[in-house]
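The values are calculated or read from the model by the stated rules, or taken from the named source; none is laboratory data. Worth saying up front: this structure is predicted, and the values here are computed from it rather than measured. Every residue, glycine among them, receives a Cβ derived from its backbone with ideal geometry; neighbour counts consider all protein chains shown. All accessible areas refer to the heavy atoms of the entire protein, side chains included, with ligands and DNA or RNA removed. Shrake-Rupley method; radii C 1.70, N 1.55, O 1.52, S 1.80 Å.
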Amino acid sequence: MSNKFDDIMRSARALEPELRQIREHFHRHPELSGEEYHTSEEISRRLEAAGCEIMDLGLDTGVVARLPGKPGEPVIALRADIDALPLTERTGLPYESESSGLMHACGHDAHISWGLGAALILASMEDRPPGEIRFLFQPSEEKTSGARVLVDAGALRGVDYVFGGHNKPDLPSGVVGISEGYLMASSGRFSFRVVGKGGHGAIPHLTIDPMPAVGSIISGIQSIVARNVNPLDSAVISVGAIHSGTAGNIIPPDAEIAGTMRSFRPEVGDLIETRLRDLVNGAAATHGCSVEWLALERGVSAVNNHPEATRIARASVSDLLGEEKIVEAVPVMASEDFSVYQERVPGCFLWIGSGHPDRLDGPGWHHPEFAADPDCIPVGAAILASAAVGAMTRTVE
Ligand code: NI
């Protein structure tokens with residue numbers, strides 16, 4: 001058993017120069033969510049060259065491909081997200097972005113190279129287990145909309161397990177965070193307008209000033225997490241934008257507020273939504289204002305690692321890298337649409353260390369100086385390949 005994993009690691013090491021080049025190519029040519037045209041074309045070309053079959057699912061961007069397997073054998077999906085961000089890169093790397101104002105600032109360039117690396121490793125594996133391996137190169141993760149597109153197009157048809165990972169700059173390359181249960185939060189967003197009546201800043205009694213309402217709403221919102229959510233649950237509500245007013249001596253007629261809400265358990269999301277609506281409406285009414293709700297929406301569900309998929313991933317990574325390279329994955333309240341696959345199929349999402357050991361406190365995701373450590377490239381590819389092999393052999397056993 002374990003020699004299969006040794007073969008995978010050997011193969012990843014042999015492919016390292018090519019995988020680094022692949023990563024650098026995609027890093028140079030970032031594309032925004034939903035616009036990953038060159039990226040998708042290049043991924044397809046390389047997958048075909050590796051011997052994979054591209055599945056025609058009618059996608060605009062993104063690629064789904066497979067290494068076919070025998071009927072009746074397990075089908076394992078490996079997911080890599082491929083989109084970049086609207087940010088001007090300041091890494092100074094020799095392979096810095098060549099597209100002005102666009103950057104692979106979340107390390108999805110590394111994820112692409114992991115996915116392609118896994119395809120290359122598995123395609124050339126002599127005693128590859130007989131099941132199908134499905135590669136999901138997903139667009140629009142940054143908008144948490146691409147997974148839904150792939151699922152609706154049938155990308156998960158017949159799939160038994162799904163695995164994926166995100167680079168993690170505060171974990172050194174070669175170390176992997178794995179844990180069962182919640183890893184990333186469900187998301188939600190809200191925006192509303194507090195409507196009063198404007199007028200002269202020195203004659204407030206003839207106005208309905210929305211500002212006192214805004215003040216009590218903003219401080220009141222935090223009481224939802226502090227006083228309504230069970231202290232043993234996790235939740236975040238952040239107000240990120242307030243727009244109102246034009247001058248210091250004018251009482252504005254209204255104010256717009258927008259924010260984000262995160263939680264793990266769906267019941268906590270429900271509670272936040274209900275309390276938020278009541279609290280905002282109540283606080284506004286107290287100050288004589290009305291509320292126009294512009295949005296109060298739930299986004300993707302939480303990334304929740306399935307026990308069996310997690311067991312498979314842990315055992316495979318342990319066989320590949322050794323138990324000492326596995327740490328308990330620390331959950332974060334950011335969101336990821338990998339959860340959309342997990343709603344359908346047992347899946348496990350891993351933290352794949354991408355930090356240089358000397359710079360673990362360096363710039364993080366979505367920062368103009370962020371870049372995944374190149375040493376994570378072969379390891380990430382080997383991890384995905386191992387998860388696929390592990391899932392098949394362990395399911396068959
Ligand atoms: Ni990301």
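Are any of the residues in segment 121-130 in the same structural domain as C52 (by TED's automatic domain parsing), buried (at least 24 other Cβ atoms within 10 Å of the Cβ) and within 14 Å of the ligand (Cβ to nearest atom)?
So in segment 121-130, the residues in the same structural domain as C52 (by TED's automatic domain parsing) come out as 121-130.
Then keep just the ones that are buried (at least 24 other Cβ atoms within 10 Å of the Cβ); that gives 121-122.
So of that shortlist, the ones also within 14 Å of the ligand (Cβ to nearest atom) come out as none.
No, because not a single residue in segment 121-130 is in the same structural domain as C52 (by TED's automatic domain parsing), buried (at least 24 other Cβ atoms within 10 Å of the Cβ) and within 14 Å of the ligand (Cβ to nearest atom).
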**Complete:** A careful count of residues in segment 27-68 that are more than 24 Å from the chain's Cα centre (by Cα), part of a loop (DSSP other than H, G, I, E, B) and not acidic (D, E) gives 3
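From the list G101, G154, which one is out of contact with any Phe, Trp or Tyr (no Cβ under 9 Å at 6 or more places or on another chain), more than 16 Å from the ligand (Cβ to nearest atom), open to solvent by 10 Å² or more (accessible area, probe 1.4 Å) and on the phi > 0 side of the Ramachandran plot?
Working: G154 fails: open to solvent by 10 Å² or more (accessible area, probe 1.4 Å).
Answer to the selection: G101.
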**Asked** Of everything in segment 351-363 that's within 24 Å of R311 (Cα to Cα) and in contact with a Pro (Cβ under 7 Å, 6 or more places away or on another chain), which residue is surrounded by the most Cβ atoms within 10 Å (Cβ to Cβ)?
**Response** S354
**Message:** Looking for something over 17 Å from the mean Cα position of the chain (by Cα), surrounded by fewer than 20 Cβ atoms within 10 Å (Cβ to Cβ), outside the structural domain of V195 (by TED's automatic domain parsing) and over 26 Å from G146 (Cα atoms) - is there at least one such residue anywhere in segment 327-350?
**Reply:** yes
**Message:** Given (1) open to solvent by 40 Å² or more (accessible area, probe 1.4 Å); (2) of a type in the set (S, T, Y); (3) in a strand (DSSP E or B), identify the lone condition not met by S187.
**Reply:** (1)
**Item:** Unmet requirement for I112, which otherwise passes all of (1) within 16 Å of the ligand (Cβ to nearest atom); (2) open to solvent by 20 Å² or more (accessible area, probe 1.4 Å)
**Value:** (2)
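Per-residue answers, yes or no, for (1) touching a residue at least 12 places away in the same chain (Cβ under 8 Å); (2) aliphatic (A, V, I, L, M); (3) not assigned by TED's automatic domain parsing to the domain that holds D209:
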residue: G154; (1), (2), (3): yes, no, yes
residue: G158; (1), (2), (3): yes, no, yes
residue: F163; (1), (2), (3): yes, no, yes
residue: N167; (1), (2), (3): yes, no, yes
residue: P172; (1), (2), (3): yes, no, yes
residue: V176; (1), (2), (3): yes, yes, yes
residue: S179; (1), (2), (3): yes, no, yes
residue: F190; (1), (2), (3): yes, no, no
residue: V194; (1), (2), (3): yes, yes, no
**Fill in**
Exactly one of I251, I257 is over 30 Å from G299 (Cβ atoms) and open to solvent by less than 20 Å² (accessible area, probe 1.4 Å), and that one is I251
**Request:** Restricting attention to segment 231-243, report how many residues are surrounded by fewer than 17 Cβ atoms within 10 Å (Cβ to Cβ) and either of a type outside the set (A, V, I, L, M) or not assigned by TED's automatic domain parsing to the domain that holds R193 (or both).
**Result:** 5
**Prompt:** Taking E35, is it open to solvent by 40 Å² or more (accessible area, probe 1.4 Å) and among the charged types (D, E, K, R)?
**Reply:** yes
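Filter segment 306-326 for residues that are closer than 23 Å to S263 by Cα and not in a loop (DSSP other than H, G, I, E, B); which is farthest from the chain's Cα centre (by Cα)?
If we filter segment 306-326 for residues that are closer than 23 Å to S263 by Cα, which is where we start, we get 306-307, 309-310.
From what is left, the residues that are not in a loop (DSSP other than H, G, I, E, B) are 307, 309-310.
Details: P307: 20, A309: 18, T310: 18 Å.
Ranking the candidates gives P307 first.
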**Prompt:** If you go through segment 13-26 one residue at a time, do you hit one that is under 20 Å from the mean Cα position of the chain (by Cα), surrounded by 19 or more Cβ atoms within 10 Å (Cβ to Cβ) and not hydrophobic (A, V, I, L, M, F, W, C)?
**Reply:** yes
**Prompt:** Given the structure, is A80 within 16 Å of the ligand (Cβ to nearest atom), in a loop (DSSP other than H, G, I, E, B) and either assigned by TED's automatic domain parsing to the domain that holds V345 or of a type in the set (S, T, Y) (or both)?
**Reply:** no
**Count - residues of segment 157-184 that are part of a strand (DSSP E or B) and either away from the ligand (no atom under 16 Å from the Cβ) or buried (at least 19 other Cβ atoms within 10 Å of the Cβ) (or both)** = 18
